[in-house]
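Visitor: Handing you this structure, nothing more for now.
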Amino acid sequence: MAETTLLEIHDLAKYFEVGRSLFKKKQNLYAVDGVSLYVRKGETLALVGESGCGKSTTGRLILNLEQPTAGSIFYRGKDLAGYSAADWKLYRQGVQVVFQDSHSSLNPRKTIRHILTAAMFSSGTIPRNKAQDAEERARALLSEVGLRPAEVFLAKYPNELSGGQRQRIGIARALSTNPDLIVADEPVSSLDVSVKAQVLNLLDTLQKEKGVAFLFISHELSVVRSIADRVAVMYLGKVVESGPVAEVFDAKVHPYTEALISATPIPDPDTTRNKKRIVLPGGVPSPMDPPKGCPFHPRCFRAESKCATEVPPTVEVAPGHHAACHFAEERFSSYESMT
């Protein structure tokens, strides 16, 4: 592994048993099915796709909130499967999370002072016998995320804050352990446009100042294009395309990526009016009974006969740009000929 790689996952899978009873055999729900990704120091990797594609489950596996069915997760070159108690303590300091729902992720019975200092104590960042140091750190964190005066916000409860302010508290809590990677699971999806922009600007500033890396899970491609360095597109538990964000958005090697991007709103009425949107037929297949061959072939507007029977290999069409499509190289060559 490269020295700059913080986190790397190989063939990660998570299957949930469903439908088991006295008269019915169990079935597997393939939430994550053979995902391989990496995140480098100080970069933002976006994980995108429709609801139910497995992106949030991937985040939960990385955070050890779910146990993988198969595959490996490496942090700083070491497999999580061989972690000791001391290793897990360091991992929880180094890898933090910002949840989507800022309301339910903060304890309504605790003050902001308690929420922030408890994170430092439980992670071992600051010993419990140094409460004054923890409070000073909490004040500094509130100032960093733009909540001033800090003393006023320390005394407040989550229900006294707006959605944007609560999300800033979630970011401050994630930063309290001095992490080098933050898993941000739809961190701005529930916010209105103006507050969303403020929170995104905050994340960008913090990344530049602290060098923290982000795994940014989102379904909003317009947001992803503006903040991510690389992007991975998921469909039915699998990564179908990944690479530098500008190249993936422009080349659109996989048909599913092309369809997703065609549905992305553009803040220009003339461009939107003339934009051709690709409408996919049918719905996403059941993850309990995924299609044979390419998982996208039942809805693909470019599918051919072999797509229904042969699983496409993941090929590298350009440095760092991969796609799981039988015609990936052909499509990328067509894109290059037009540029």
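The values are calculated or read from the model by the stated rules, or taken from the named source; none is laboratory data. All values derive from a computational prediction rather than experimental measurement. No Cβ is skipped: glycine too gets one built from the backbone with ideal geometry, and neighbour counts run over all protein chains shown.
Visitor: Could you grab me the full set of residues in segment 207-217 that are of a type outside the set (Val, Ile, Thr), within 17 Å of residue 196 (Cα to Cα) and within 11 Å of the chain's Cα centre (by Cα)? Before the answer, list the steps.
Guide: Within segment 207-217, the subset of a type outside the set (Val, Ile, Thr) is 207-211, 213-216.
From what's left, within 17 Å of residue 196 (Cα to Cα): 207, 214, 216.
Hits for segment 207-217 are 214, 216.
Visitor: Can you tell me how many residues within segment 89-111 are surrounded by fewer than 18 Cβ atoms within 10 Å (Cβ to Cβ), more than 19 Å from residue 39 (Cα to Cα) and over 18 Å from the mean Cα position of the chain (by Cα)?
Guide: 8
Visitor: Moving on to the next point. Against the conditions (1) in contact with a Pro (Cβ under 9 Å, 6 or more places away or on another chain); (2) more than 30 Å from residue 38 (Cα to Cα); (3) in contact (Cβ under 8 Å) with a residue 60 or more places away in the chain, where does residue 163 fall short? Just the number, please.
Guide: Going through the list (1) in contact with a Pro (Cβ under 9 Å, 6 or more places away or on another chain); (2) more than 30 Å from residue 38 (Cα to Cα); (3) in contact (Cβ under 8 Å) with a residue 60 or more places away in the chain, residue 163 breaks only (1).
Visitor: Would you pick out the residues in segment 123-150 that are assigned to a helix (DSSP H, G or I) and not acidic (Asp, Glu)?
Guide: Narrowing segment 123-150 to residues assigned to a helix (DSSP H, G or I): 123, 131-144, 150.
Listed by number, the residues that qualify are 123, 131, 132, 134, 137, 138, 139, 140, 141, 142, 143, 150.
Visitor: Which numbered condition trips up residue 178, out of (1) without any contact (Cβ under 8 Å) to a residue 60 or more places away in the chain; (2) surrounded by fewer than 17 Cβ atoms within 10 Å (Cβ to Cβ)?
Guide: (1)
Visitor: So in segment 286-317, with the set limited to residues that are of a type in the set (Gly, Ala, Ser) and surrounded by fewer than 17 Cβ atoms within 10 Å (Cβ to Cβ), which one is modelled with the lowest pLDDT?
Guide: Initially, segment 286-317 is screened for residues of a type in the set (Gly, Ala, Ser), giving 286, 293, 303, 305, 308.
After this cut, where a residue has to be surrounded by fewer than 17 Cβ atoms within 10 Å (Cβ to Cβ) as well, the list is 286, 305, 308.
On the way: 286: 91, 305: 95, 308: 95.
This residue is 286.
Visitor: For the subset of segment 26-78 comprising residues that are without any contact (Cβ under 8 Å) to a residue 60 or more places away in the chain and part of a strand (DSSP E or B), which member is surrounded by the most Cβ atoms within 10 Å (Cβ to Cβ)?
Guide: 38
Visitor: Which members of segment 133-185 meet the condition of being more than 18 Å from residue 103 (Cα to Cα) and among the polar types (S, T, N, Q)?
Guide: 143, 176, 177, 178 - these are the residues of segment 133-185 that are more than 18 Å from residue 103 (Cα to Cα) and among the polar types (S, T, N, Q).
Visitor: Suppose the filter is more than 19 Å from the chain's Cα centre (by Cα) and either farther than 21 Å from residue 316 by Cα or of a type in the set (A, V, I, L, M, F, W, C) (or both); does residue 220 pass it?
Guide: No, not satisfied.
Visitor: Please list, ordered by first then second residue, the pairs with beta carbon atoms under 6 Å, 6 or more apart or interchain, first in segment 221-243 and of a type in the set (Phe, Trp, Tyr), second modelled with pLDDT of 95 or more and outside any loop (DSSP other than H, G, I, E, B).
Guide: Pairs that qualify, where the first residue is of a type in the set (Phe, Trp, Tyr) and the partner is modelled with pLDDT of 95 or more and outside any loop (DSSP other than H, G, I, E, B), are 235/256.
Visitor: Also, I was wondering about something else. When segment 188-222 is examined, which residues are found to be modelled with pLDDT of 90 or more, crowded, with 18+ Cβ neighbours inside 10 Å and outside any helix (DSSP H, G or I)?
Guide: 212, 213, 214, 215, 216, 217, 218
Visitor: Looking at this structure, is residue 6 in contact with a Gly (Cβ under 9 Å, 6 or more places away or on another chain) and at pLDDT below 95?
Guide: On the way: in contact with a Gly (Cβ under 9 Å, 6 or more places away or on another chain): yes; at pLDDT below 95: no.
Answer is no for this residue.
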